[in-house]
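Enquirer: Let me begin by handing over the structure; questions about it come next.
The values are calculated or read from the model by the stated rules, or taken from the named source; none is laboratory data. As the structure is a prediction and not an experimental result, all values here were calculated from the model. Neighbour counts are summed over all protein chains in view; Cβ atoms, including those assigned to glycine, are modelled from backbone coordinates with ideal geometry.
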Amino acid sequence: MNILLTGGAGYIGTHTIVELFKAGHSVVVVDNFVNSHPEALKRVESIAGRQVPFVQADIRNREALEKLFSNYAIDAVINFAGLKAVGESVEKPLEYYENNMNGLFVLVDVMRKNNCKNIIFSSSATVYGDPAIIPITEDCPKGQCTNPYGWTKSMLEQVLMDIQKADHSWNVVLLRYFNPIGAHESGLIGENPNGIPNNLMPYITQTAIGIRKELGVFGNDYDTPDGTGVRDYIHVVDLARGHVAALKAIEQNKGLAIYNLGTGHGYSVLDVVKAFEKVNNMKVPYVIKPRRAGDIATCYCNPSKAKEELGWEAIYGIDEMCRDSWKFQKNNPNGYETETNSKQL
Ligand code: NAD
Ligand code: UD1
């Protein structure tokens, strides 16, 4: 299939391009680089040994999208494009609602006009709120999100479900990601956060390399085995393969399909710190801090639906996640900014 990846220059998108190529698909990428760097696509080209067709545009730009659809025959779209910083979404709710929601509205309208009605949407475990069931199955009721970013995911899921309900020729696949970490084994592509990282793994790797003094562990008084928050970390390459597998739901004309993409294992903050220290043979200084507002104690999934219906399951464990996150950080202490490419920009 020829797949359009919106936001394909980002963390998950770049890894997904590599896996789509491996599986014999072709791609087109559209991105406005609001949270990514052109160098990331060059790195993908060097891993894959082929060019990545690319259009630089904002997906809210209808004219640009229409031109893209008239220049390329697109079989399905994976919509990664979106703003994702939780804290920033609380500060700038309108910008988040406007970018994430309007971006999807324009995209699906242009898709429909071009008779392309197959979409995979990047959703998040955040839609479960404080989950009613652990491990979380797809039947678990959605919950109250604690921030505008989370609400954009929850509401856009609803928008896509309603579109599919009204027109059964749509195939809509909602992928609820748990906590993606890790990087491609080459160390060429990985997570490249702007500013101070919000998420655990980039904070650990930046502490390990000396950019941050110490990790703050947000709370050690949760009702978990060691008191720190428990999450379902998933290697980004496994997650990327989950998108390739999700194309099966489109090929089978499933209509609406919802899948959790996680490993089914919960690791605490201190489990991750210990695994990172052991695998990479180094120390990560940390201090216990108060709980972070909006955090929950435990969040991990039951991934069996994706296994049964798509034949997908995560193969990497926490050790590979820690090894590969560190490899990318070590090889790219300044992310994708190098002396050569920052002069070019
Ligand atoms: P990312 O920020 O690295 O990638 C998103 C890409 O979208 C970036 O390259 C950005 O430049 C682009 N983009 C944003 N708005 C755009 C617009 N209007 N037009 C064109 N391009 C635009 O994020 P990621 O980690 O790769 O996440 C991909 C998707 O998965 C996002 O929708 C995110 O919300 C979702 N998600 C991510 C996580 C995670 O932990 N990384 C978890 C759950 C869901
Ligand atoms: C967060 C977002 C979620 C989003 C996801 C994307 C919140 C409340 N939730 O999930 O909406 O979809 O990122 O990956 O922000 N931790 C520390 N110290 C740190 C950073 C994190 O102790 O410096 C802890 C957290 O308290 C949590 C765990 O590490 O227990 C994981 O945190 P994080 O990586 O931010 O992911 P989530 O909170 O699960």
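Enquirer: Considering only residues that are away from ligand 1 (no atom under 15 Å from the Cβ) and farther than 18 Å from Ala306 by Cβ, look in the range 119-141 and name the one that is farthest from the chain's Cα centre (by Cα).
Expert: Of everything passing the filter in the range 119-141, Ala132 is farthest from the chain's Cα centre (by Cα).
Enquirer: For the range 13-29, check the following and say yes or no: at least one residue is within 16 Å of ligand 2 (Cβ to nearest atom) and within 21 Å of Thr152 (Cα to Cα).
Expert: Within the range 13-29, one or more residues are within 16 Å of ligand 2 (Cβ to nearest atom) and within 21 Å of Thr152 (Cα to Cα).
Enquirer: Within the range 73-91, track down each residue that is touching a residue at least 24 places away in the same chain (Cβ under 8 Å) and surrounded by fewer than 17 Cβ atoms within 10 Å (Cβ to Cβ).
Expert: Within the range 73-91, Ala73, Asp75, Gly87, Val90 qualify.
Enquirer: Where in the range 32-129 are the helices (runs of 4 or more DSSP H), entirely inside, with at least 1 residues that are over 29 Å from Phe328 (Cα atoms)?
Expert: The qualifying helices (runs of 4 or more DSSP H) are 62-71, 86-91, 93-97, 103-113.
Enquirer: Of the residues Lys289, Lys254, Lys305, Lys274, only one is free of Cβ contacts under 8 Å to residues at least 40 places away in the same chain and basic (Lys, Arg); which?
Expert: The match here is Lys274.
Enquirer: Restricting attention to the range 8-25, and to residues there that are outside any helix (DSSP H, G or I) and touching a strand residue (DSSP E or B) at 6+ places or on another chain (Cβ under 6 Å), which single residue is nearest to ligand 1 (Cβ to nearest atom)?
Expert: Ala9
Enquirer: Given the structure, is Trp326 in a loop (DSSP other than H, G, I, E, B), in contact (Cβ under 8 Å) with a residue 24 or more places away in the chain and surrounded by 14 or more Cβ atoms within 10 Å (Cβ to Cβ)?
Expert: On the way: in a loop (DSSP other than H, G, I, E, B): no; in contact (Cβ under 8 Å) with a residue 24 or more places away in the chain: yes; surrounded by 14 or more Cβ atoms within 10 Å (Cβ to Cβ): yes.
It is false that Trp326 is in a loop (DSSP other than H, G, I, E, B), in contact (Cβ under 8 Å) with a residue 24 or more places away in the chain and surrounded by 14 or more Cβ atoms within 10 Å (Cβ to Cβ).
Enquirer: Within the group Ile234, Ile211, Ile189, Ile196, which residue is within 15 Å of the chain's Cα centre (by Cα), in a loop (DSSP other than H, G, I, E, B) and β-branched (Val, Ile, Thr)?
Expert: Answer to the check: Ile189.
Enquirer: Another question about this same structure. With Gln144, Gln158, Gln164 as the choices, which residue is within 16 Å of ligand 2 (Cβ to nearest atom), farther than 30 Å from Asp324 by Cα, more than 17 Å from the chain's Cα centre (by Cα) and surrounded by fewer than 22 Cβ atoms within 10 Å (Cβ to Cβ)?
Expert: After ruling out the rest, the residue left standing is Gln144.
Enquirer: Then there's this: Name every residue in the range 185-206 that is crowded, with 22+ Cβ neighbours inside 10 Å, more than 12 Å from ligand 2 (Cβ to nearest atom), of a type outside the set (A, V, I, L, M) and at pLDDT 95 or above, in order of residue number.
Expert: Once the filter is applied, which keeps residues that are crowded, with 22+ Cβ neighbours inside 10 Å, more than 12 Å from ligand 2 (Cβ to nearest atom), of a type outside the set (A, V, I, L, M) and at pLDDT 95 or above, the range 185-206 yields only Gly190.
Enquirer: Of Val44, Val28, Val34, which residue is among the hydrophobic types (A, V, I, L, M, F, W, C) and touching a strand residue (DSSP E or B) at 6+ places or on another chain (Cβ under 8 Å)?
Expert: Testing whether each residue is among the hydrophobic types (A, V, I, L, M, F, W, C) and touching a strand residue (DSSP E or B) at 6+ places or on another chain (Cβ under 8 Å) leaves just Val28.
Enquirer: Cβ-Cβ below 8 Å, separation at least six or inter-chain, first residue in the range 168-184 and surrounded by 23 or more Cβ atoms within 10 Å (Cβ to Cβ), second among the β-branched types (Val, Ile, Thr) and part of a loop (DSSP other than H, G, I, E, B): which pairs?
Expert: Phe178/Thr263; Ala183/Ile189
Enquirer: Still on this model: What pairs come up if the first residue lies in the range 120-142 and is free of Cβ contacts under 8 Å to residues at least 40 places away in the same chain, the second is within 14 Å of ligand 2 (Cβ to nearest atom) and among the aromatic types (Phe, Trp, Tyr), and their beta carbons are under 6 Å apart, counting only those six or more places apart or on different chains?
Expert: Cys140/Tyr128
Enquirer: For Gly187, only one of the following conditions fails: (1) touching a Cys at 6+ places or on another chain (Cβ under 8 Å); (2) closer than 17 Å to Tyr316 by Cα. What is its number?
Expert: (1)
Enquirer: So which pairs qualify, if the first residue must be in the range 200-225 and in contact (Cβ under 8 Å) with a residue 40 or more places away in the chain and farther than 18 Å from Ile288 by Cβ, the second must be among the small types (Gly, Ala, Ser) and crowded, with 16+ Cβ neighbours inside 10 Å, the Cβ gap must be under 6 Å, and the two must be at least 6 apart or on different chains?
Expert: Close Cβ pairs satisfying both conditions: Met201/Ser325; Thr205/Ser325.
Enquirer: Exactly one of these conditions fails for Ile296: (1) in a strand (DSSP E or B); (2) over 30 Å from Val77 (Cβ atoms); (3) among the β-branched types (Val, Ile, Thr). Give me its number.
Expert: The single condition Ile296 does not satisfy is (1).
Enquirer: From the list Ile189, Ile181, Ile204, Ile163, which residue is more than 13 Å from ligand 1 (Cβ to nearest atom), aliphatic (A, V, I, L, M) and under 21 Å from Gly10 (Cα atoms)?
Expert: Numbers: Ile189 fails: more than 13 Å from ligand 1 (Cβ to nearest atom); Ile181 fails: more than 13 Å from ligand 1 (Cβ to nearest atom); Ile163 fails: under 21 Å from Gly10 (Cα atoms).
None of the other options fit; the residue is Ile204.
Enquirer: How do the pairs read when you match residues in the range 1-24 that are hydroxyl-bearing (Ser, Thr, Tyr) with residues anywhere that are modelled with pLDDT under 95 and within 9 Å of ligand 1 (Cβ to nearest atom), using Cβ under 8 Å and keeping only pairs 6 or more apart or on different chains?
Expert: Tyr11/Asn192
Enquirer: With the condition kept exactly as written, say whether any residue in the range 45-52 is out of contact with any Pro (no Cβ under 8 Å at 6 or more places or on another chain), away from ligand 1 (no atom under 15 Å from the Cβ) and among the acidic types (Asp, Glu).
Expert: The answer is yes; a qualifying residue exists.
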